[in-house]
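K.L.:
I am attaching a structure below and will ask some questions about it afterwards.
The values are calculated or read from the model by the stated rules, or taken from the named source; none is laboratory data. Since this is a predicted model, take the numbers as computed values, not measurements. Neighbour counts are summed over all protein chains in view; Cβ atoms, including those assigned to glycine, are modelled from backbone coordinates with ideal geometry. Just the protein is used for accessible areas: all its heavy atoms, side chains included, with ligands, DNA and RNA removed. Shrake-Rupley method; radii C 1.70, N 1.55, O 1.52, S 1.80 Å.
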Amino acid sequence: MLLSLVGCGSATVGGGGSPARGKWVGSVVRTPDGGQLRTTIYYGPWQCSAAFLSRCESKCAAQGYPLMGCMWLADIKGDWQGRYLFMPAEAGGRLAITHCCCDYPKVADPESLRRVWSRSRIRFREEWSKELGTWPNTAGRAWPGHHLRDFLHGGDPTAPGNILPVPDDIHTTINTEYPACYAPGGKWLTPGPERPYLD
């Protein structure tokens, strides 16, 4: 499955807080089992829950770096309808997309990684669309592909698990907050709620 995004999150349930900053509802896509899948993405960023911060701390430590912060970027919700044991069935789940701001060394030439992404983005969007429906756009303009692990910190420019479509304004917000996530003692190291938004 193409949607194997990296992060330190797990399934969540929408609930408390205010509405998400943004939302994308994908078209219905046929699944190999003959069912139908609709994907919805809710966008933050939010502060990570205590559990997500703990997972990030373990992930960073395993790689030999201290945790500087954790950003909960989005929740991906999948709703499936089909048949199970010859009966109509429905199922679904959520995947929290988080970014662990480990104290990664900065790369010398992040622009070289950006150039790789620029050459690959159309093909990547086509592959994404095969599994999840048309790549999101606003008035015919494709949304940016946000790299969870950014180029400055060595993020893979074409790894399916490192790229998420994000609306322009939210992408700007996330990119503005990334330096604070990598700075010592910022708000991104403070635990947030278990459920930061309403569906």
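K.L.:
Please give the strands (runs of 3 or more DSSP E) falling wholly within region 21-90 in which 1 or more residues are free of Cβ contacts under 8 Å to residues at least 24 places away in the same chain.
P.N.:
22-25, 67-84
K.L.:
Which members of region 162-194 meet the condition of being of a type in the set (Ser, Thr, Tyr), assigned to a helix (DSSP H, G or I) and either closer than 20 Å to Ala50 by Cβ or in contact (Cβ under 8 Å) with a residue 60 or more places away in the chain (or both)? Steps first, answer last, please.
P.N.:
Taking region 162-194 and keeping what is of a type in the set (Ser, Thr, Tyr), we get 172-173, 176, 178, 182, 190.
Filter again for assigned to a helix (DSSP H, G or I), leaving 172-173, 176, 178.
Hits for region 162-194 are Thr173, Tyr178.
K.L.:
Here's something else I'd like to know. Restricting region 130-146 to residues that are among the small types (Gly, Ala, Ser) and open to solvent by less than 40 Å² (accessible area, probe 1.4 Å), which is nearest to Arg114 (Cα to Cα)?
P.N.:
Filtering region 130-146 down to residues among the small types (Gly, Ala, Ser) leaves 133, 139-140, 142, 145.
If we keep only those that are open to solvent by less than 40 Å² (accessible area, probe 1.4 Å) as well, we get 133, 142, 145.
Values: Gly133: 25, Ala142: 17, Gly145: 11 Å.
Taking the candidates together, the pick is Gly145.
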